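Written below as structure tokens is the structure these notes are about.
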Amino acid sequence: VVLPLAGVGLALSLVRLRAVAVIDRRLFRSSRDPAQELAALSARLRAARSAPEIAERLDSELQRILQLTFVRTFFPQAGTEAFTPARGNSQPLPGASSIAQLLSTDDQPLPVGPGETGTVFPLLPAAERAWVEQLSVASIAPLIGSYDTRIGFIALGAKRRGAAALTREELSIV
């Protein structure tokens, strides 16, 4: 009696796992494991042939994987003292800004959106608050290269409507 019940339980468990995977793909358009998807993204980035191609793949894949409304990679622009987007025409962020200074002191993402938990938004100068609001930035993650060199940052928008809030784990992966 116990053996047939265990078999039925196992079969139902397998059906449940497949159903959850199908529902996730259909409704949320992504798998349930962002860490696994980001590992696959890393492999795809290695195949890129130029910095703009890397930035384009990184932006679009992070936006899809993390279900964000906006992702844009910024790099320092030689001769301008500003961080400019690697693609698109978003407004640059001055290199001497408070946000840039905060990113240079910590390797953790910085919550800057007005509605984010623990945000620095109220502490920012008016021009930087306007930049955050214009782009609808929720968090900013520093890009750190070899030997802890800051090479830019990634501006992250809020989660899409209906998506779960960005978790600490997801932010730490970025």
Handout entry: Residue in region 107-151 that is most open to solvent (accessible area, probe 1.4 Å), counting only those that are within 18 Å of PHE75 (Cβ to Cβ) and either over 16 Å from the mean Cα position of the chain (by Cα) or among the aromatic types (Phe, Trp, Tyr) (or both)
Key = TYR147
Completion exercise
Across region 92-109, the tally of residues that are at pLDDT 90 or above and not small (Gly, Ala, Ser) stands at 7
Practice task
State yes or no: is LEU5 at pLDDT below 85, more than 24 Å from ALA158 (Cα to Cα) and either open to solvent by 40 Å² or more (accessible area, probe 1.4 Å) or not polar (S, T, N, Q) (or both)?
Solution key: yes
Fill in the blank from the handout: Residues of region 51-69 being over 20 Å from THR84 (Cβ atoms), at pLDDT 85 or above and surrounded by 18 or more Cβ atoms within 10 Å (Cβ to Cβ), in sequence order, are LEU68
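The values are calculated or read from the model by the stated rules, or taken from the named source; none is laboratory data. Please read these numbers as outputs of a predicted model, since none were measured by experiment. Counting neighbours? That spans all protein chains shown, and the Cβs are built from the backbone with ideal geometry, glycine included. With ligands, DNA and RNA removed, areas are computed over all heavy atoms of the protein, side chains included. Shrake-Rupley method; radii C 1.70, N 1.55, O 1.52, S 1.80 Å.
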